[in-house]
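The values are calculated or read from the model by the stated rules, or taken from the named source; none is laboratory data. What you see is a predicted model, and the numbers here were worked out from it, not measured in a lab. With ideal geometry, Cβ positions are generated from the backbone for all residues, glycine too; neighbour counts draw on all protein chains shown.
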Amino acid sequence: MNRSPDATDAAGNLLKLQQQTDAERAVLLALKQDVAAAEKRLVSRASSAHLLEANEQLVFSMLRAHEAADVAAEILKTVSHAAETDRLTELPNRMLLLDRFRVAIASAVRHRERVALLFVDLNKFKQINDALGHLLGDEVLKHAAACLASAVRATDTVSRYGGDEFLVLLTEIRNETQVVSVVEKIIAALGLPTRIGDHVLRLTASIGISMYPDDGEDAYTLTDRADAAMYRAKRQGLGGYAFHGPVTAADPSHDSASPRALLQPISHFKLAAEEHERRHLQRRGADEELILTALEAQKLQATAEQAQQHQAELLAVIAHELRNPMAPLLTVASLIGRVKPAELPRLQDIIERQVGHLASLVEDLLDVARVRTGKLRLVRGAVDLIAVIELAVETSSPAIEARHQRFRMQLPAAPVTLHGDPVRLTQVLTNLLDNASKYTPELGEIDLTVTVATDTVAIAVTDTGIGISADALTHVFEPFVQESHAIGFNGEGLGIGLTLVRELVEAHGGTVVARSGGNSLGSTFVVTLPITLQLAAAPVQPAP
């Protein structure tokens, strides 16, 4: 069967159309595959971006979490510190002390050691607080806390117990001597003069001591017994310490004899300096005139009549010069009401006593002219050496306080009675203390020690001053002898004070010697006096 041309053309066109359709379907299928691949890629890219964003958010969250953790840790540290320390002094409080107490006792048990607890009570703090005000009183407590912390080891603990009371926990203790050493460091640190405002502060403390396991096996028992020991120390005298239990060799019987003049916790700096200067001028004039009188008397011995006439004229001039300060002193005593009422009785008593002292010196000038011949007239009687020393310390304390020097004194437990002139003996000790203060730098140390033997008593005045060279040591008691380095350090005076000391000591049947390691090594003057045993008020015991 033959097809027509039109049918043949239609079939060809249909075949072409089918082929074209198949091609377009292939292209569409390829496009779909491309779209599917593109969609897969698009989904993959979207997931990566989302994951990246999530990671970034996670990092930011972690940073914020770390920052919040640091802030929380700092807050926790601050709160923990505040919960374990005293707000005023920054010392460990009772809670932290108790925790360290348990650790210390456990360690002591393991190592067979002992633990000591010191109960420290500041003396006369109420007087300081009332005089200076509560704000400066708080500064005093901070100063006391710093003194206590500086006197102990890093392994020990200083805690404020309350008010003006502190507890000190000493670990790794072997014996009581080790505890006494720490206590003496604390007393020394507190006693160092410190200027607060217009006042000079000098703290003392009564310290009670209890020991683990001797006095108790827990913190509460040891605290109670250290508190009781503190009150016993306070009854013995301000500025001392005592162990719980029976009195031992470690208890310092001599510490209770602290001078009254240095037990005042505060003094006005300007008044102390003015009082020192006034007394220095008075004493310098009196000492210079007295020694000149003695030297003139010695030179005029060859011609008795001429010596007597010259001596009488010289004594008349000296008596006139010594009477001059009496009038202004009495005037000051009458006008002293302008100062603070609390200071009036003490200052007025000191001034009136010095006026009486000068009047007595004027009456004795005729006898002083015979000092080099051994014919000095002394008003002898039973003399309480402790009272003489306290009067000399009271006279010299303005100079010591003005220079912020640390003064320590050791006296025997029993009274010591001498047969001598109390005015002259006071003059001897005052000259030695003033000499030590004069040639010792500010913040230096001065010690006065009394040692009692069977029939003699030795009084040693030691300082950490400029010292004495070996060449000058043999001539230190000669009149008008002064080393060049001493003049450069303090050029006041004519160098006659030590000459007067030697003459007065020898007039009492005693001796005085000077010792020094050399320049800048300090010096020691030792006065030895005989004891009249029949006059002793109580048995004399050697000083420890």
Within segment 112-146, restricting to residues that are modelled with pLDDT of 85 or more, in a helix (DSSP H, G or I) and touching a strand residue (DSSP E or B) at 6+ places or on another chain (Cβ under 9 Å), the one that is farthest from Gly191 (Cα to Cα) is Glu139
Selected residue (criterion: nearest to Ile209 (Cα to Cα)) from residues of segment 106-120 that are of a type outside the set (Asp, Glu) and surrounded by fewer than 18 Cβ atoms within 10 Å (Cβ to Cβ):
Ala108
Selection within segment 516-526 - surrounded by 14 or more Cβ atoms within 10 Å (Cβ to Cβ) and on the phi < 0 side of the Ramachandran plot
Ser516, Asn519, Ser523, Thr524, Phe525, Val526
Please work out if Ala106 is in the same structural domain as Phe243 (by TED's automatic domain parsing) and either of a type in the set (Ser, Thr, Tyr) or over 19 Å from the mean Cα position of the chain (by Cα) (or both).
yes
Could you please let me know if Leu190 is in a loop (DSSP other than H, G, I, E, B), under 16 Å from Ser150 (Cβ atoms) and modelled with pLDDT under 90?
no
Answer yes or no as to whether Gly467 is in contact with a Lys or Arg (Cβ under 7 Å, 6 or more places away or on another chain), in the same structural domain as Ile291 (by TED's automatic domain parsing) and either under 25 Å from Gly517 (Cβ atoms) or not acidic (Asp, Glu) (or both).
no
Subset of segment 410-460 (residues that are under 19 Å from Pro530 (Cβ atoms) and touching a His at 6+ places or on another chain (Cβ under 6 Å)):
Leu411, Gly420
Out of curiosity, is Ile105 of a type in the set (Val, Ile, Thr), modelled with pLDDT of 90 or more and either farther than 19 Å from Val182 by Cβ or in a helix (DSSP H, G or I) (or both)?
yes
Could you please let me know if Ala543 is hydrophobic (A, V, I, L, M, F, W, C) and at pLDDT below 90?
yes
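So how many residues does segment 113-166 have that are of a type in the set (Lys, Arg) and within 22 Å of Val200 (Cα to Cα)?
Pass one, segment 113-166, residues of a type in the set (Lys, Arg): 114, 124, 126, 142, 153, 160.
Filter once more, so that each one left must be within 22 Å of Val200 (Cα to Cα): 124, 126, 142.
Residues in segment 113-166 being of a type in the set (Lys, Arg) and within 22 Å of Val200 (Cα to Cα): 3 in total.
Scanning for something on the phi > 0 side of the Ramachandran plot and more than 20 Å from the chain's Cα centre (by Cα), does segment 157-168 turn up at least one residue? Full working, then the answer.
First pass over segment 157-168, keeping only residues on the phi > 0 side of the Ramachandran plot: 162-163.
Remaining after also requiring more than 20 Å from the chain's Cα centre (by Cα): 162.
Checked against the condition, which is being on the phi > 0 side of the Ramachandran plot and more than 20 Å from the chain's Cα centre (by Cα), segment 157-168 yields at least one hit.
Residue-by-condition table, conditions (1) out of contact with any Pro (no Cβ under 9 Å at 6 or more places or on another chain); (2) modelled with pLDDT of 90 or more; (3) in a helix (DSSP H, G or I); (4) aromatic (Phe, Trp, Tyr):
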| site | (1), (2), (3), (4) |
| --- | --- |
| Val179 | yes, yes, yes, no |
| Leu203 | no, no, no, no |
| Met230 | yes, yes, yes, no |
| Lys234 | yes, no, yes, no |
| Asp255 | yes, no, yes, no |
| Gln264 | yes, no, no, no |
